[in-house]
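Beneath this line is the structure, given in structure tokens, with notes to follow.
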Amino acid sequence: MTPGKKLSALRQPDRRQFLIQSSMALLTTTLTPLAYASKSATADLNTDKKYLAFIHLHTNETLQCCYWHNNQYITKELSKINHLLRDHRTNEVTTIEPQLIDLLHQLHTLTNSKAPFEIISGYRSPRTNESLRKNSSGVAKRSYHMQGKAIDIRLADVDLKRLRDTAISLQAGGVGYYRKSGFIHIDTGRPRHW
């Protein structure tokens, strides 16, 4: 979890916010492969191709990719996801658990979102996690972020409470709701929520 102070700074109407919103608008209008997301909530989640799109709120990097095709993961695309979700403070990269990536795909499909995932926090190195723990009681000592099994996200076109409720309904791992900071946490640990 990122301290609320930093997230508040992201909401200021400044050049950085303008660039983020412009990037999101561009991704939203150019992601024709993500048309699958407009299917109903009962859409087949085991499609032949699985797409995801991201914007990292701390680095302004964007990514759109097809990470699954012909019943297998596409290694090159997973590597791009790993890089985007790296610890942006230290630039360390780890392998993001494919189950977490699939969970994101399910959330995107079930919410009928057409927006990219806004990334608040992906992988955290142990050093970063410890530093964040010193500033916040909400950061776990053995955080799933350090294992590539957790992510903090939001979707611009999905109400945060609805995103949380959809994640909880999947019973696929942990779900944290940070209303004041404007994001949810999901992980692939045991099903639980807070």
Legend entry - Pairs from K50/K161; K49/K76; K50/K141; K134/K161; K80/K114 whose Cα-Cα separation, in the structure shown, is over 23 Å: K50/K161; K50/K141; K134/K161
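Can you pull out the trypsin sites (Lys or Arg not before Pro) in the range 109-177 that DSSP calls coil and that have at most 10 other Cβ atoms within 10 Å?
K141, R142
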Legend entry - Radius 15 Å from Cβ of A172, net charge of other residues (Lys, Arg +1; Asp, Glu -1): 0
Legend entry - the range 64-194: translational diffusion in µm²/s, Stokes-Einstein, Kirkwood Rh over Cα pairs, 37 °C, 0.692 mPa s: 218
Inset, instruction - Multiply the residue gap between H83 and T62 by 0.36 nm, knock off their C-alpha separation, and tell me the result in nm, one decimal place. - result: 6.5 nm
Legend entry - Nearest-0.05 FRET efficiency for I74 and K141, computed from C-beta distance (R0 45 Å): 0.85
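The numbers here are math on the coordinates, done by the rules we state, and not lab data. Nothing here was measured: the structure is a model prediction, and the numbers come from that model. In this analysis, Cβ positions are derived from the backbone assuming ideal geometry, glycine residues included, and neighbour counts consider all displayed protein chains.
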